[in-house]
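What follows is a short report on a single structure.
Every number here is computed from the coordinates shown, using simple stated rules; none is lab data. No experiment lies behind these values; they were computed from the predicted model shown. Please note: Cβ atoms are built from the backbone with ideal geometry, for glycine as well, and neighbour counts cover all protein chains shown.
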Amino acid sequence: MKVLARIVSYLFHPLLFPTYGLLLLLAANPNRFGPFGEKLHIVWLIIIFALTFLFPAVWLLMMKRLEMIDSLNLETTKERIVPLIATATFYLWTAWMFKSNVNMKIPTDKLIFYMMLGSCFTIFMALCINIFMKISLHTLGAGNLLGIMLPLIRISTYDLRFVFVALILVAGIIGASRLILKAHSPREIFTGYIVGFTGQFVAFTIIPQFL
């Protein structure tokens, strides 16, 4: 069970969730993104993957190399402070890039901007909660995906209700895996779900009313 739990933890690493979120957006709205062509989708994926996974991962490796952190698992709240701030910086950069076509030489889309904005909100909330507890970053990402799915259900041309149920099951498996590995307490797990979902809910439901 622990081996399976580790595999799940690697497959759903917290830094991979923006990439998974973009894949959801592209799959659920083919007509919205279709005119730009598949090549542009690949470009978007490369940008999101590089800025939200590769760059933060390299930063973590550098911190480990410089002995600024003891483990890449960030097992203490103190070790998480600088990596969370760095990740938030990369996420803000990504959100700014997708804010409008003025910022990039390639077309962008507001749904991607809202998704990254929600990710930024999530990281900042996690940074505040990190003062009091070691919130689960894995379930934080799972909550993000669930938060993205709700607006997609309303605007997608497909019936995504079964996909939403499947994501709930996946989110449950992720949480169970972290419990099996004894990486978090149940409270830290459920707080991650709530904060992750709230970040995307604010970005997709509240922010568009002001922009």
Checking the structure you have, find out if any residue of the range 147-158 is free of Cβ contacts under 8 Å to residues at least 40 places away in the same chain and either surrounded by fewer than 19 Cβ atoms within 10 Å (Cβ to Cβ) or in a helix (DSSP H, G or I) (or both). yes
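Can you pull out the helices (runs of 4 or more DSSP H) entirely within the range 1-77 that have at least 1 residues that are buried (at least 17 other Cβ atoms within 10 Å of the Cβ) and free of Cβ contacts under 8 Å to residues at least 24 places away in the same chain?
17-28, 38-49, 55-65
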From (1) over 19 Å from residue 14 (Cβ atoms); (2) in contact (Cβ under 8 Å) with a residue 24 or more places away in the chain, pick out the condition that doesn't hold for residue 122. (1)
Looking at the range 127-137 only, could you name the residues that are surrounded by 24 or more Cβ atoms within 10 Å (Cβ to Cβ) and out of contact with any Asp or Glu (no Cβ under 8 Å at 6 or more places or on another chain)? 137
Residue 184 versus (1) in a helix (DSSP H, G or I); (2) of a type outside the set (Val, Ile, Thr); (3) surrounded by 14 or more Cβ atoms within 10 Å (Cβ to Cβ): which is the lone unmet condition? (1)
Could you identify the single residue in 135, 123, 85 that is over 15 Å from residue 20 (Cα atoms), in a loop (DSSP other than H, G, I, E, B) and under 17 Å from the mean Cα position of the chain (by Cα)? 135
